[in-house]
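Just below is one structure, and these are the notes that go with it.
Read-outs: derived from the displayed coordinates by stated rules, not from any lab. Because the structure is a prediction, the values reported are computed rather than measured. Heads up, the Cβs are rebuilt from the backbone with ideal geometry, glycines too, and the neighbour counts pull from every protein chain shown.
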Amino acid sequence: MEGVLVKAKRVGGTITITVVSDEHGHFTFPAERLKPGSYDVSVRANGYEVPNRSMTITVGADTEKVELRLKKGSPYVLVDQLSPSEVLQSLPGSPSQIRAAAYCGSCHGYARILRSTHDLDEFMSVILRMRNHEPAANETHLISLPYKVPQQPGDDDLAKFFATVNLSSKSQWDFEFKSAPRPAGKATRVIYTEYDLPRRDAEPHDVVMDADGMIWYIDFAEPFLGRLDPRTGETKEWTLPEFKAGFAPGSLGLTLDKEGNPWMARSFQGGIAKFDKKTEKVSSYPIPKEYDNVHTRTSFIAISPVDGKVWFDDTFNRMMYIVDPKSGKMIGYPAFPGWKFDLSSQRGGIGPNGEKEDHFMYGVAVNSKGMGYWGDLSNTNIGEMDPETGKTHLYPTPTPNSGPRRMHMAPDDVLWFAENSDKSRKIGMFDTKTKQFKEWGPPSPYDTPYDVAPDISGMVWTGGETSDFVTRLNPKTGEMVDYLLPNSNVNIRRVDVNNFTNPPSMLFGENHQAKIIMVQPIE
């Protein structure tokens with residue numbers, strides 16, 4: 001069988017190496033990747049299973065040959081193997097029902113919904129409770145939003161839909177699960193390295209690599225900053241101080257300054273923080289109290305290469321802040337002047353002429369001229385801001401309602417971003433010098449990009465929350481290669497690259513699996 005992912009994890013270890021079988025069903029672990037010892041071996045091949053095996057791998061001149069025989073799995077097993085996006089494409093619902101259900105998959109998989117026995121009325125209660133959990137909430141951290149979200153229009157239709165596809169009225173599902181084809185060709189020429197984090201409920205949202213090859217990560221739900229040595233798998237974590245009592249303590253954005261010090265956007269805490277690598281001290285920068293409210297969510301962060309000033313946004317209040325780290329002075333500008341936030345909607349608002357107008361800031365970047373940029377997730381725009389005046393300009397993407405999200409500024413002042421809307425699902429590029437756009441995609445039928453990052457070889461990487469695929473784009477040729485990940489329901493958020501490998505690797509946190517992974521093509 002081609003395209004079977006074979007995983008080897010040393011017994012008692014924290015690192016898993018995964019390779020993919022070729023067209024002959026052969027798979028090979030490079031000797032330098034596995035130390036002598038006993039390994040648990042498992043596979044990912046949707047629809048098939050093989051019991052975990054423990055074997056002794058001898059690293060040396062001889063090759064240890066192992067034959068793995070797979071057997072067909074039941075639908076009950078398959079639902080745990082599929083990515084959330086594959087499950088969505090299997091469900092017999094209307095486009096509006098599938099679109100509404102997709103929001104659930106950004107926080108958890110669909111197996112719990114499909115295996116449940118809730119009826120329509122019970123689902124109405126569940127949906128309301130879920131709406132009032134903040135996005136980082138999980139089984140061990142039931143974190144509520146700092147404000148109440150009422151039942152929304154369409155919740156009754158969603159509840160009815162869930163009650164027809166779960167096990168409330170039947171003992172087995174009456175629809176067929178549809179799996180993506182197994183990897184083939186170039187998609188099998190890859191090696192994955194996964195690192196377990198010390199906390200089983202860790203949610204590594206943003207992951208970045210510094211100039212020394214060390215990996216830094218933040219936790220979406222908890223006030224932790226972590227460092228991982230990819231050479232050894234050793235981790236160390238620091239607790240970040242909370243400066244807004246009673247509000248969710250996790251972080252959402254992470255970047256490094258010129259000295260390699262991590263800066264974090266503290267999300268519901270209403271501000272940012274700097275970690276000094278030498279002293280291991282944390283400095284916090286909360287936004288002014290007069291601008292802080294229950295809707296405040298300081299989510300994304302970037303550092304100007306011109307003067308080292310730190311840019312960050314208040315996503316829901318649609319404000320951009322700039323901090324001078326030397327003086328501590330902070331200034332704030334409205335991202336959409338004249339626009340007013342509608343408190344009854346998390347994304348809606350009223351424009352300067354009284355018309356309904358949706359905006360939602362998602363992602364921050366700064367170019368070599370010191371100009372700031374952000375994505376307008378509820379709309380079409382890339383926003384641009386002058387740091388001296390706060391004057392803004394909106395540039396609409398070629399694809400309407402594209403949902404620009406997260407972003408990386410390349411050294412040549414080209415802004416790479418994800419078009420996250422299900423109406424687009426593309427990789428976007430905006431040249432901040434010429435103001436020209438270019439788009440590619442969609443990456444795969446199963447992917448809705450969350451973030452996009454270029455590597456030094458000229459390749460561009462992306463992945464999405466509900467897909468277990470990552471994509472490498474060659475912008476010159478338009479070729480895309482989709483790599484299937486070793487685990488299901490990984491929930492990809494911020495992505496980065498590791499330029500120390502040859503060729504460069506993709507780097508990100510498995511937000512639902514408490515792991516950090518590197519995806520390296522073999523070519």
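Taking the Cβ-Cβ separation of HIS26 and GLN89 as r and a Förster radius of 35 Å, what is the calculated FRET efficiency to the nearest 0.05?
Computed FRET efficiency for HIS26 and GLN89 comes out at 0.70.
I'd like the FRET efficiency for ARG189 and ASP386, computed as 1/(1 + (r/R0)^6) with the beta carbon distance as r and R0 of 56 Å, rounded to 0.05.
0.75
Using mean Cβ contacts within 10 Å as the protection proxy, how do 461-473, 292-304, 222-234, 422-434 order, highest first?
Descending packing order for the listed peptides: 461-473, 292-304, 422-434, 222-234.
I want to check the label-to-label distance for TYR103 and LEU70. Put each point 7 Å from Cα in the C-beta direction and report it in nm to one decimal.
With each label point 7 Å from Cα toward Cβ, the separation is 3.6 nm.
In this model, which of LYS7/LYS423; LYS72/LYS170; LYS340/LYS433; LYS277/LYS329; LYS7/LYS72; LYS9/LYS178 are farther than 25 Å apart at the alpha-carbon?
Table pairs above 25 Å Cα-Cα are LYS7/LYS423; LYS340/LYS433; LYS9/LYS178.
Given a cut-off of 15 Å, what percent of all Cα-Cα pairs of segment 5-73 lie beyond it?
Looking at segment 5-73, the distances longer than 15 Å represent 53 percent of pairs.
First obtain the Kirkwood hydrodynamic radius of segment 84-165 from its Cα pairs, then insert it into the Stokes-Einstein equation at 25 °C and 0.890 mPa s, and state the resulting D in µm² per second as a whole number.
186
Convex hull volume of the Cα atoms in segment 290-364, per residue, in Å³?
Spread over its residues, the Cα hull of segment 290-364 gives 94 Å³ apiece.
Tabulate in residue order the Karplus-calculated ³J(HN,Hα) for segment 165-179, using 6.51 cos²θ - 1.76 cosθ + 1.60 with θ = phi - 60°, rounded to whole Hz; enter x for Gly and Pro.
Rounded to whole hertz, the list is 9, 8, 9, 6, 10, 8, 8, 8, 5, 10, 9, 9, 6, 10, 9.
Give the Cα extents of segment 149-215 along the principal axes, in whole Å, largest first.
That works out to 55, 41, 24 Å along the principal axes.
Dividing the convex hull volume of the Cα atoms of the chain by its residue count, what figure in Å³ per residue is obtained?
149
State, to one decimal in nm, how far the label point of LYS329 lies from the label point of LYS236, with both points 7 Å from Cα in the Cβ direction.
Label at LYS329, label at LYS236, 3.6 nm between them.
When the dipole is taken about the Cα centre of the chain, and only Lys, Arg (+1) and Asp, Glu (-1) are charged at their Cβ, what size is it in debye, to the nearest 20?
240
Amide H to amide H, which residues 5 or more places from LEU145 or on other chains are under 5 Å from it, using H placed in the peptide plane?
HIS133, GLU134
Per-residue HN-Hα couplings for segment 221-230, Karplus 6.51 cos²θ - 1.76 cosθ + 1.60 at θ = phi - 60°, whole Hz, x for Gly and Pro?
Running phi through 6.51 cos²θ - 1.76 cosθ + 1.60 with θ = phi - 60° gives 9, 10, x, 10, 10, x, 10, 10, 8, x Hz.
Kindly state, to the nearest 0.05, the FRET efficiency for THR477 paired with TRP339, given R0 = 51 Å and r defined as their beta-carbon distance.
Rounded to the nearest 0.05, the efficiency is 0.80.
P(r) for segment 384-505, please, calculated from all Cα pair distances in 10 Å bins and given in %.
Going out from 0 Å in 10 Å bins, segment 384-505 shows 14, 45, 31, 9, 1 percent.
Can you pull the percent of Cα pairs in segment 447-491 with separation above 13 Å?
The proportion of pairs with Cα distances above 13 Å equals 52 percent.
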